[in-house]
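Values in this text are rule-based calculations from the coordinates and carry no lab data. These numbers come from a predicted model, not from an experiment. Here the Cβ positions follow ideal geometry from the backbone for every residue, glycine too, while neighbour counts run over all protein chains shown.
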Amino acid sequence: MNPFEYGDGGLYAEEVPLSRIAEDVGTPCYVYSRGRIEENWKVYNDAFGDYPHRICYAVKANGTLAILGILAGLGSGFDIVSGGELRRVEMAGGALSTVVFSGVGKTRSEVAAAIASGVACIDVESPDEIDRVSEAAVYLQRTAPIAVRVNPDVDPDTHPYIATGLKSSKFGIGIDRVIDTYRYAAGKPGIEIAGVACHIGSQLMDTEPLLDAFNRLLDLVDTLQGLGINIRHVDAGGGLGIGYGRVPGPDRTVWIKTMVETMGRRMQQLPIIIEPGRSIVGDAGVLLTRVEYLKTNGSKRFAVVDAGMNDLLRPALYGARHDIITVKQSTDAGQRYDVVGPVCESADVLGTALLPSLELGDLIAVKEAGAYGSAMASNYNARLRPAEVVVDGGRFHLVRQRETFENLVALEALALGETATQ
Ligand SMILES: *Cc1c(COP(=O)(O)O)cnc(C)c1O
């Protein structure tokens, strides 16, 4: 299924013309395909077959409640990185017993909330965090299941901002220290060793570093079992890349089958957890925006649109590239445009694209914007965060209203007078 295809009247999302959505909810807005989200999840699930597994969708890729609800409906687990994400999962109807809690800086109250909710596993990233988890578990008279997030020191060959498995990264515990860390955790009250975990980075276009890391995790499992520390699952993290209009990302089915085969070859049958984010929602969403102005400066032709880096930060933050297409279908050979937003930063460029001759008011779709799009949106320049829509066959649902100015200023004091504290 390709959910975004041209039909009568231009580009569609499933069976709904994007022009109709723009008319109804305005622009900029994110539009997601329910069918595509479900299909992406099922590719992973089917690849595992009967092998024991859990797919824990990484909420940070897109935590919009309706999207979490779609995944909860499939029986997905969730990977979270904050107490706020825990509450989102709960609100969307996700089972908290399927939640894996990752992240390098969990606060005391976040740790306590996770333990009280009965999450499946807390992936700890430092000895100090083990102390914190132990204290909270003892206080709550509960047992906290943990895995140590291992930093396997493999180079995932991706953008440095999204590489997390190198020795010099802030994430995880170095592979040389990890046995001691498990020993330390095993001696702590309130803690139960559940698994081993890693996540080496995002937008990985090759599974070799992932497999390398997976094998290192299995080496660790062997060692731990030899020490009498029982391991019940292996969490391989997320990170599989998507095409963004270039070469497609790694084959997900092949990757899952490779892990299952590797388990077998190493005489292990431990349940596997994966934490995909981008590869579930990335290609299921577009950012729909309208041309406000056209101009040329020097040799460059600019299309100024009503979405900016505050709506979709990836190009400005990582130099990420997204395919950009018009909603109108045209055979016009086209010309090159720099598609830029209204934000007062030179980095506010959504991308460059060969587009049919544009007119004011034309609609443009920034493709594969479903992951790390709305989730990273901000109010920079006092801009209101965009609306979000889920298309389901021939119907569409407004799942997040466009922010209002009142939302924007709701938490602010008007003047200094009444808010002074000693
Ligand atoms: C971000 C993240 C993921 C998801 O990564 P994707 O590249 O979106 O698949 C999974 N696990 C952890 C711990 C993460 O921080």
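Loop only per DSSP, at most 16 neighbouring Cβ atoms within 10 Å: give me the trypsin sites (Lys or Arg not before Pro) in region 304-341, ordered by residue number.
Details: sites: Arg321, Lys328, Arg336; in loops: Arg321, Lys328.
Here the trypsin sites (Lys or Arg not before Pro) that fit, given the DSSP loop and packing criteria, are Arg321.
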For this session: Jot down the per residue volume, in cubic angstrom and as a whole number, of the convex hull over the alpha-carbon atoms of region 63-161.
Result: 118
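Return the tail of the calculated pair distribution for region 283-422, meaning the percent of Cα-Cα pairs more than 27 Å apart.
Values: 2795 of 9730 pairs.
Percent of Cα pairs beyond 27 Å in region 283-422: 29.
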Problem set entry | Simple label model, 7 Å out from Cα along Cβ direction - Asp155 to Asn297, nm | 3.7
Problem set entry | Length added when fully stretched, His397-Lys42, from 0.36 nm per residue minus Cα-Cα | 125.6 nm
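Taking GluC sites (Glu not before Pro) that fall in a DSSP loop and have at most 12 other Cβ atoms within 10 Å as cut points, what is the longest piece of the chain between them?
By the stated rule (loop sites, at most 12 other Cβ atoms within 10 Å), 1-358.
Which translational diffusion coefficient, to the nearest whole µm²/s, is obtained for the chain from the Stokes-Einstein equation, given a Kirkwood hydrodynamic radius over C-alpha pairs, 25 °C and 0.890 mPa s?
On the way: Rh = 22.8 Å.
Rounded to a whole number, D works out at 107 µm²/s.
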Problem set entry | Dimensions in Å of region 103-274 - Rg and Dmax from alpha carbons | 16.3, 52
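To check you understand DSSP bridge types, tell me what percent of the beta bridges within region 1-108 (both residues inside) are antiparallel, rounded to 5.
Working: 6 of 12 bridges.
Roughly 50 percent of the beta bridges in region 1-108 run antiparallel, per DSSP.
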Problem set entry | Within straight-line cross-link reach of Lys257, lysines at Cα separation under 30 Å, skipping those fewer than 8 residues along the same chain | Lys42, Lys60, Lys167, Lys367
Exercise. Along region 194-208, what does the Karplus equation 6.51 cos²θ - 1.76 cosθ + 1.60 (θ = phi - 60°) give for ³J(HN,Hα), rounded to whole Hz, x for Gly and Pro?
Worked result: 10, x, 10, 9, 8, 7, 9, x, 10, 6, 7, 9, 9, 8, 4
Exercise. What nm value, rounded to one decimal, do you get for the distance between Leu414 and Glu192 when each label is placed 7 Å out toward the C-beta?
Worked result: 5.5
Exercise. Using modelled amide H (1.01 Å from N, peptide plane; none on Pro or chain starts), what sits under 5 Å from the amide H of Glu192, excluding residues fewer than 5 places away?
Worked result: Ala144, Ile146
Exercise. If all Cα-Cα distances of region 315-356 are sorted into 5 Å bins from 0 onward, what percent lands in each bin, rounded to whole numbers?
Worked result: 6, 21, 27, 22, 13, 8, 3
For this session: Quick one: give the max-minus-min coordinate of the C-alpha atoms of region 228-267 along each principal axis, largest first, in Å.
Result: 48, 18, 9
